[in-house]
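The values are calculated or read from the model by the stated rules, or taken from the named source; none is laboratory data. None of these values were measured; they are calculated from a predicted model. We place every Cβ from the backbone using ideal geometry, glycine too, and count neighbours over all the protein chains shown. Accessible surface is based on the protein model in full, side chains and every heavy atom, while ligands, DNA and RNA are left aside. Shrake-Rupley method; radii C 1.70, N 1.55, O 1.52, S 1.80 Å.
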Amino acid sequence: MLAVKFYVKLFNMTIKFKSNIGKQVIQLPENVQIFENDVCLIFKNQEKVLQIKKSDAFSFSITENELKITPTNKLKNNAYWGTYRNLIAQIIIGINSGFQQNLELFGIGYKGQVVNDLLRLKPGTSHDLLFNIPKFCSAKFLTPTLLSISGTNKQLVRETAVQIHCLRKPDAYKGKGVRLVGKTITLKEGKKQK
């Protein structure tokens with residue numbers, strides 16, 4: 001009986017969704033230009049050009065250094081408003097400064113090298129592990145055991161770093177393997193001596 005009353009009360013209410021993130025105005029850096037056509041929004045600076053498919057659910061107002069996104073139908077499109085705004089903000093950050101994820105090769109004799117777009121890892125196995133770097137990412141070793149993945153697309157950079165991490169995940173006891181910098185690893189205790 002209590003559940004039925006709660007059900008009735010829940011669906012008699014009018015629920016209003018608010019997107020505080022979607023309301024925020026995106027500041028455009030001076031070196032980034034934005035163009036709009038029927039299909040997509042195009043972001044351009046001196047070296048790079050990125051684009052995102054334009055959604056009919058939103059209208060865009062572009063001024064000199066600001067971009068404001070407003071939903072055309074607030075009831076249907078409010079849930080996606082903040083996500084779409086963040087996707088555009090990440091494109092602007094990517095074209096302006098880019099994204100980077102570092103990986104650490106931890107273990108005795110662990111090393112690697114990047115030749116063209118091929119990553120060759122020597123993680124203490126009898127054979128080398130090979131990994132093709134995706135088209136819009138770049139990889140370089142900052143030190144013999146610190147690998148840096150960089151690019152303009154945040155999702156692609158993180159995805160590539162995780163795929164390399166999965167080639168040789170850290171050991172549960174000693175922590176040997178390919179580690180994502182900034183991710184904490186909890187090590188198990190070994191056998192105790194009596």
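Built from the Cα atoms of segment 124-194, the convex hull projects on average onto 6.4 nm², one quarter of its surface area.
Per residue, segment 118-179 exposes 56 Å² of solvent-accessible protein surface, assessed with a 1.4 angstrom probe and all protein chains in place. In terms of its Cα atoms, the chain spans 65, 63, 23 Å along the principal axes, sorted from long to short.
Mean separation of Cα pairs under 8 Å and 6 or more residues apart, divided by the residue count, gives the chain a relative contact order of 16 percent. The residues of segment 46-96 expose on average 62 square angstrom of accessible surface per residue, using a 1.4 Å probe on protein heavy atoms.
Over 22 Å apart at the Cα level, from the set K154/K188; K23/K53; K44/K154; K48/K140; K111/K176; K44/K135, are K154/K188.
Counting protein heavy atoms only, segment 24-144 has 50 percent of its accessible area on carbon and sulfur, 1.4 angstrom probe. Taking all protein chains together, R179, R158, R85, R120 sort by accessible area into R158, R120, R179, R85, largest first [probe 1.4 Å]. Indicate the gyration tensor shape class of segment 98-148 (rounded, prolate or oblate), computed on the Cα atoms with a ≥ b ≥ c the square roots of the eigenvalues: a/c under 1.5 is rounded; otherwise a/b larger than b/c is prolate and the rest oblate. Judged from the Cα gyration tensor, segment 98-148 comes out oblate (a/c at least 1.5, b/c at or above a/b). Taking 0.36 nm per residue of separation and subtracting the Cα-Cα distance, full extension of the segment from N102 to F141 would add 13.1 nm.
Listed by chain and number, the lysines whose C-alpha is less than 25 Å from the C-alpha of K194, apart from same-chain residues fewer than 8 away, are K174. Only DSSP H runs of four or more residues enter the estimate; each adds -39500 (n - 2.57), and after division by the residues of the chain the mean residue ellipticity at 222 nm equals -8500 deg cm²/dmol.
Please report how far the C-alpha centroid of segment 102-148 lies from that of segment 26-95, rounded to the nearest whole angstrom. The distance from the Cα centre of segment 102-148 to that of segment 26-95 comes to 35 Å. Computed from Cα atoms alone, the Kirkwood hydrodynamic radius reported for segment 50-90 is 10.8 Å.
Relative to the longest principal axis of the Cα atoms of the chain, helix 2-12 runs at roughly 60 degrees. The magnitude of the dipole of the chain, with charges of +1 and -1 set on the Cβ of Lys/Arg and Asp/Glu and taken from the Cα centre, is near 1220 debye.
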